[in-house]
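Okay, so here's the structure we're looking at.
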Amino acid sequence: MVVQGISPMLWGTMSDRWGRRPMFVGCMIVLSLSCVGLALVPTDAYWGLMLLRCLQALGSASTIALGAGVIADIAAPAERGSYFGMWNIGPMVGPCVGPVLGGVLADKLGWRSIFWFLMISSAVCAVVMILLLPETLRAICGDGSVPPPKAYMPIIPIIGRKKQEPDYSTRGSRRGFANPLLLFLYPDVVLILFFNALVYSEFYAVTATISTLFLDTYPFLNETDAGLCFLGIGGGMLVGGVAMGKLLDADYQRVKRKIIRKMEQDPENKLNAADATKDEYFPIEYARLRTVPAFFAVFVIACIGYGWCLHSSVNIAGPLILQIIIGWVTVSLMNGAQTLIIDLAPQHGSAITACNNLVRCSLGAVYVSVIDLILKRLGTGWTYVLLSGICIVFSPTYWILIKYGPRWRAQRRARRQAAETV
């Protein structure tokens, strides 16, 4: 998880400079080759297993930042929520479906078959990307009308086959390498990343302990049954991701219409409707976060209820239903936060997502490291009360973002304009 948090900082920054397509293919090649090593590693070489697992994370985790960069390239703010809703299904549902596949493969073919399966899957992904995936970085292909260099073109150009008149004004200038750590100087970015990491870490504390807690609480389950218990939370995330994406877009349009009405009712207003979505007028923090308090309240109640259901050994249907709810609201919270951070720094789509990955994976690694100790000391019920209580303490973060976020954005905009005039 540590490498998983750090590696997107490298790949994401390179993709903002050199393009999305070569970085995607590079990640898949690294992942595929590391899986070959893991499938062949001797059982007495634990150091080799750990080293190759880190290399595996180096390839796989970075695709999250690259995917967010693609969405920043191709989606306008008004439709970005739906794009993120669909995109988030993969990285959020994958860890829930993976244990089911892994359990079946390990049970039927042995644990090495897991890595052969991953090697084949990642190699197929690499081939598909080489054949079909177009370049989207605006510094290379603008709004899609500018043909990229031949090395960046897919072998089978299914997407964007229509010839367009190139609009070179949309391409912009190729930026040098930007230090992604400088994004931590944005106070609004730091706040949203930190609170997002707290929610993600509690979610990870739920998923990381499903096998252990369910096998201890319900002795009639076998390993395959325990793996199937991950499907509840994965199904909730699948539905929640799509639904929340649509909701984010609807909220954006709702806030936009409200601003336009306000402009029309002001007789002294000299702005037109097109100005409603300009950075200096549009309260993007409110548009993205207005439904978050309701989802957060459900998240806290569901997590506490989940802990006490397992503590009391109620019917297995109880915690499984709560898992579905936890999956739904978690991905809803993640989508709102992820869409907002792209809105705050669209020119650094991959880099800022890498920062998000760094913070949440680092904190998630801490939670996973200590969750067993907390469970043994406090018991299941009080453990999730504690983790939810930590989130509640920092929940005013959202109100701070909505109130002060526009002011911080205005200050950054003024600094950029001053720098451009010098």
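The values are calculated or read from the model by the stated rules, or taken from the named source; none is laboratory data. It should be emphasised that the depicted structure is a prediction, and the values quoted were computed from it without experimental measurement. Backbone-built Cβ (ideal geometry, glycine too); neighbour counts: all protein chains shown. Quick note on the areas: whole protein, heavy atoms, side chains included, nothing else; ligands and nucleic acids left out. Shrake-Rupley method; radii C 1.70, N 1.55, O 1.52, S 1.80 Å.
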Q: Determine whether segment 32-47 contains at least one residue that is modelled with pLDDT under 85 and open to solvent by 20 Å² or more (accessible area, probe 1.4 Å).
A: no
**Q.** Set Ser369, Ser362, Ser332, Ser350: member being surrounded by fewer than 16 Cβ atoms within 10 Å (Cβ to Cβ), modelled with pLDDT under 90, under 23 Å from the mean Cα position of the chain (by Cα) and not aliphatic (A, V, I, L, M)
**A.** Ser369
Q: Give the residues of segment 144-178 that are at pLDDT 70 or above and open to solvent by 100 Å² or more (accessible area, probe 1.4 Å), sorted by residue number.
A: Lys150, Ile155, Ile159, Glu165
(Q) With the requirement that a residue be over 27 Å from Met86 (Cβ atoms) and in contact with an Asp or Glu (Cβ under 9 Å, 6 or more places away or on another chain), what does segment 301-358 give you? (A) Leu310
Q: List the number of the failed condition for Ile260; all other conditions in (1) at pLDDT below 90; (2) hydrophobic (A, V, I, L, M, F, W, C); (3) open to solvent by 70 Å² or more (accessible area, probe 1.4 Å) hold.
A: (3)
Q) How many residues does segment 311-329 contain that are buried (at least 24 other Cβ atoms within 10 Å of the Cβ) and polar (S, T, N, Q)? A) 1
(Q) Condition first: open to solvent by 30 Å² or more (accessible area, probe 1.4 Å) and among the small types (Gly, Ala, Ser). Now tell me which residues in segment 236-257 satisfy that. (A) Ala243, Ala250
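Would you confirm, using the coordinates I've provided, whether Asp343 is assigned by the TED database to the domain that holds Leu215, farther than 21 Å from Ala65 by Cα and acidic (Asp, Glu)?
Working: assigned by the TED database to the domain that holds Leu215: yes; farther than 21 Å from Ala65 by Cα: no; acidic (Asp, Glu): yes.
So Asp343 does not fit the description; no.
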Q) Only one of (1) over 22 Å from Ile352 (Cβ atoms); (2) surrounded by fewer than 21 Cβ atoms within 10 Å (Cβ to Cβ); (3) touching a residue at least 12 places away in the same chain (Cβ under 8 Å) is not met by Met1, so which one is it? A) (1)
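Can you give me the ranges of the helices (runs of 4 or more DSSP H) entirely in segment 172-253 with at least 3 residues that are in contact with a Gly (Cβ under 6 Å, 6 or more places away or on another chain) and in the same structural domain as Ser350 (by the TED database)? Walk me through how you get there before you give the answer.
On the way: elements: 187-207, 210-217, 223-228.
It comes to 187-207, 223-228.
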